[in-house]
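What follows is one structure encoded as structure tokens, with my remarks underneath.
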Amino acid sequence: MKTLLLPSGNAIPVLGQGTWKMGERPSERAAEVEALQLGIELGMTLIDTAEMYGEGGAEEVIADAIAGQRSEVFLVSKVYPYNASRQGAVAACDRSLRRLQTDYLDLYLLHWPGSVPLAETLEAFQSLQAAGKIRDYGVSNFDQDGMAKAIRRPGGENIATNQVMYNLMHRGIEWDLLPWCRQQQMPVMAYSPIGQSASEQQRLFGQPQLQAVATRHEVTPAQVALAWLLQQGIVVIPKATQPEHVRENRAALDLTLTAQDLAELERAFPPPRRKTALEIR
């Protein structure tokens, strides 16, 4: 699996697996575990989760999926903003570690900006890092202004990544946030890479130019959407619970879009023409 380097020098896989909505229905647990295990077998060893997902249920699903192969997996979890105080973030991380049945996270993120001063959160993250409970830390759902302020806080210079919503239909970060992160040599993680809802996916996959590119390569529209992100050097974490979708996601890494493909997609999904508020799922 291709990797990118975080500012710390640690490598992160470019294509992984999301777990939003997992761990909410006991009847679906076995299928969720099997999907994650298949993804790991195919090389998608990055698994992204959060204490918010199923109120810890997704982390418990992951624990079953990675049993006996923790060292092969790059684990990411996120802390609720209201838990992100000096003591609260440490306690929240400990709870996540127990649910995941591991003693460390590869990456721990603040889920979105909240009322707790960021300086407190960063202090907690540094404490967790010093204790060996997390290897890297970062943020999620921060706009460019928020990032610029964050890196000026003590410990902010070690923020490893910003996880945000980014896909063909939601390109707002290209105006300022994405260029800023690239200038900082900070990888961006894209959640909802093929849409944030079933209805949005339906609109995306039904777009004629996207369909035309997919037909030309004999792949699915979803694979084209993922390849578009991957070719930009974005870390992508699509969620899938069906084996065929897991395999399709992995195959997107092998798809190379041509200049013609990219031009057609650019016309169909125009980039932003002005600064816009960061879109959050």
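Bear in mind that the values in this text are calculations on the coordinates, not laboratory data. These figures come from a predicted structure and were not determined experimentally. Don't worry about glycine lacking a Cβ; one is built from the backbone with ideal geometry, like all the others, and counts go over all protein chains shown.
Things to note:
- Single residue of the range 231-268 satisfying the filter (small (Gly, Ala, Ser) and out of contact with any helix residue (DSSP H, G or I) (no Cβ under 7 Å at 6 or more places or on another chain)) that is surrounded by the fewest Cβ atoms within 10 Å (Cβ to Cβ): Ala259
- Among (1) farther than 24 Å from Val246 by Cα; (2) surrounded by fewer than 20 Cβ atoms within 10 Å (Cβ to Cβ); (3) not small (Gly, Ala, Ser) - the single one Asn83 does not satisfy: (2)
- For the range 183-201, a residue qualifies if it is touching a Gly at 6+ places or on another chain (Cβ under 8 Å) and either closer than 21 Å to Ala240 by Cα or in a strand (DSSP E or B) (or both), and the qualifying residues are Tyr191, Gln201.
- Among the residues examined, Thr256 qualifies as more than 15 Å from the chain's Cα centre (by Cα) and free of Cβ contacts under 8 Å to residues at least 40 places away in the same chain.
- Yes/no for Val224 being closer than 30 Å to Glu28 by Cα and in a loop (DSSP other than H, G, I, E, B): no
- For the range 187-223, a residue qualifies if it is of a type in the set (A, V, I, L, M, F, W, C) and surrounded by 18 or more Cβ atoms within 10 Å (Cβ to Cβ), and the qualifying residues are Val188, Met189, Ala190, Ile194, Leu204, Leu210, Val213, Ala214, Val219, Ala222.
- Test result for Gln37, part of a helix (DSSP H, G or I), surrounded by fewer than 16 Cβ atoms within 10 Å (Cβ to Cβ) and either in contact with an Asp or Glu (Cβ under 9 Å, 6 or more places away or on another chain) or not charged (D, E, K, R) (or both): no
- Candidate set from the range 130-182 (those that are assigned to a helix (DSSP H, G or I) and of a type in the set (A, V, I, L, M)); member that is surrounded by the fewest Cβ atoms within 10 Å (Cβ to Cβ): Ala130
- Any chance Thr19 is polar (S, T, N, Q), touching a helix residue (DSSP H, G or I) at 6+ places or on another chain (Cβ under 8 Å) and over 19 Å from Gln163 (Cβ atoms): no
- Count - residues of the range 104-129 that are over 26 Å from Ala63 (Cβ atoms), part of a helix (DSSP H, G or I) and out of contact with any strand residue (DSSP E or B) (no Cβ under 9 Å at 6 or more places or on another chain): 3
- Complete set of residues in the range 1-28 that are without any contact (Cβ under 8 Å) to a residue 60 or more places away in the chain and surrounded by 17 or more Cβ atoms within 10 Å (Cβ to Cβ): Gly23
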